[in-house]
Structures are given as structure tokens and as C-alpha cells.
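Okay, so here's the structure we're looking at.
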Ligand code: FEO
């Protein structure tokens, strides 16, 4: 059933309450998600984006209950990724000749995925379409926010920015608007989305945010493609993005370790104790990587000024779980964060050196040689770990 967003603009998307993983199994979605599609019924009838492929038939059936599909004048594909374009093949079977407005890169993406020669109409920033009743749609390329093909569409008069992935959250909700949901959940999912998806593109994002701001478009609503529509002070999420895109950090130190026989775990706890003793204000978090959700951990890294990484030595190196997680941090191109390393060993003891090399290669400022301990930490070693924590606190 369609839901009114504003005037002649309706939400016709899909709420995916059951979604637990996104991007394959890469991104945890504890709160589900939504795939937001919008129907504009002015003198022209326009569909903006569709839904993920598993819901394609349901989407087209529901849309056909709301309107005669042949009444759709054109479709706007703000982004080619399958969670928004997935229902295009099912829809285009009904209306194969209708124009699809999108960027040049989106044509490549859509042709590459669906191998169809649909009626693509390439648009770029500033291009406009008259949709009647004195209203226009204006296109704004959002290159690398978060794919090369991404764009946003602005609707004049109603002053709605259809932003696609930007400003979105994986949050399943029956409610449409930001003021209708739990604010803590909303911002947790917003920062998680930014940390895990947008961080690598921060330099481009800063320029794009400046560009969008300089257009001086009055924005009454930001209608994203996931989660809620920002209608209550929509600029608040733009301002948050400006902060997050600026190599964001809070007064937080996060310790992330994996352990074989709990020696490295004990060091982690003692290091946390030392940090807390030296600085009563800093937020200290300790996570066993093997028992944690990696997407959530990335959000903690995003918020941290220093990350402290621990692994025991195995086969002259580190546990593969930690090697994979450091690789993930490298992909996200964090900037301006410090790193420290620690770990227990029985024989050769290379893990701390290996962590330092990997963390430096991942773009972190490695602050010291780290701390390692042979065999189980005894009382003296535990005290050394506390002292190591104290030093980390005052970096
Ligand atoms: Fe929500 Fe980039 O897809």
C-alpha cells in the first residue's frame, strides 16, 4: 500500500523486517532495512528507484494495484546497485519502452547487471525535467556517494531531495519519518552506515557536501533509499555527515583482541584497567573479535582516537581473524587514528611486530613498539600491561 510522503509524492517501497545481513554477509543489519521507492503523481507520473530483487514481483504487483503501470511516464534510477534496481527487470517487462533517467555510469551498471537495452536517458548535474504543476526534478550527481553511478534527484516546490543511499540507515520501520522512530536507534544505524560504507570516500564526500550546500536548495525533506525520511530538521543529518566526513573521532579508545588460551584476553583487560586509571574521562571499550560483530566493531573503530589490537603469536604471525579485520580497517581508509599492539606468545613471539606492520600499512599511526608477554601473564606482566594502558591513555 502506498503511503503519502508529501502532497503528490508517495512511498511505494518494501520494509524488510527479516534482513540480518547486507552486501552478502558483509554488513550486519540487526534492525532490518527498507528499500524505499517513491511515486510522484503530478502531471507526469514518475517512479524513483525500485526495491531489491527478491521483492520484485511483490513490488510490481503492489504498484499495479495503485496505478496503471502504463501511466508511468518515466523512471529515475538514482543508483544501479541491486537493492534499488532489482525490480527493474520485472517492471520493464510491463513497460519496456519507458525512459529510465540515470547517470552515464548507471547505464554501465544496469546494462552490466541486467543485459537489457532499455530506453536509458543519461543525465548529469543540473539537468532538469518539468513534471507539471510548476514543479521540476533536478539531478545532482553524487559520484562515490557511494558508487561512481550514484545521484540524487531534487523536486522543486515540495523541496524534497531524493538522496538514495546518502543519509540512509538500515532500519526497518512502519513509520516513514525521522521524528517517528527511536532517536537512539536512528543515529546508531546512521553512524554505522556511514562508518562501514562511506568512510573510504571522505575526501570526495567533503567536496560533494560543500557542492550540495552551495546550491542553496531549500530542503524540506531528505527522502533516502533506506530507513526513514528526514523531515524534522533534515539538515541535522547533513551536518552530522559533515562531521563524520572530517576524519571523525570521539574521546574513545577501543581494544580489540583475539585469544587462544586467554593470555591475550587477560592483557586486554589489564590494558583497559590502566587506561581507565590514567584518564577517567575517556571511553574505553574491550571486544573479543571472535565473539563480536565486525560491522559493529568498525563503528567503534570509527568513533575511536586510538585502537589497541591484540593477538597471540601463531605460526610466526597472528590469528587469521585479526589479519582479516585489519584488512577490513585498511579498506575503509581511516585517517588520523593511533594504534597500539599487544599479545602473548609461547615461543617465537612475532605477533606484536606483525600487528604494528599491518596497522601502519592500514594507515594508522603506530605509537610504540607495543607490549608482548611470554606464556601466561603473571602478576608482574599484568602490572606491565596496566602500565602500558596508562601510556596509551596519554598518547
Ligand atoms: Fe542501497 Fe548502494 O545501495
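Where a number appears in this text, it was derived from the coordinates with a stated rule and is not lab data. For clarity, every value in this text was computed on a predicted model and none was experimentally measured. Note that each Cβ is placed from the backbone with ideal geometry, even for glycine, and that neighbours are counted across all protein chains shown.
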Which length gain, in nm to one decimal place, applies between residue 243 and residue 291 when the Cα-Cα distance is subtracted from 0.36 nm times their residue separation? 14.2 nm
What FRET efficiency comes out for residue 330 versus residue 122 if R0 is 35 angstrom and r is the Cβ-Cβ distance? Round to the nearest 0.05. 0.50
Figure the gain on full extension for residue 368 and residue 321 (residue separation times 0.36 nm, minus the Cα-Cα span) and round it to one decimal in nm. 14.6 nm
Cα gyration tensor, the range 3-244 - rounded (a/c under 1.5), prolate or oblate: rounded
If you count, for each residue, the other Cβ atoms within 10 Å and average over each peptide, how do 158-167, 224-233 line up from highest to lowest? 158-167, 224-233
Taking square-rooted eigenvalues a ≥ b ≥ c of the alpha carbon gyration tensor, is the range 246-395 rounded, prolate or oblate, where a/c under 1.5 means rounded and, failing that, a/b exceeding b/c means prolate? oblate
Take residue 250 and residue 175, extend 7 Å from each Cα along the Cα→Cβ direction, and tell me the distance between the two endpoints in nm. 2.2 nm
Stretched fully, the stretch from residue 65 through residue 4 gains (0.36 nm per residue minus C-alpha distance, one decimal, in nm) 20.4 nm
Helix 183-193: inclination vs the chain longest Cα principal axis, degrees, rounded to 10, gives 80 degrees
Kindly rank 245-254, 144-153 from highest to lowest mean number of other beta carbons found within 10 Å of each residue. 144-153, 245-254
Model label zone, residue 211; criterion: amide N under 16 Å from point 7 Å along Cα-to-beta-carbon; scope the range 137-154: 138-154
Percent antiparallel among DSSP beta bridges confined to the chain, rounded to 5, stands at 45 percent
Students often check this: by mean Cβ neighbours within 10 Å, which of 307-313, 209-215, 268-274 ranks highest, and how do the rest follow? 307-313, 268-274, 209-215
Rounded, prolate or oblate (a/c below 1.5 giving rounded, otherwise prolate when a/b exceeds b/c) for the range 18-79 by Cα gyration tensor: prolate
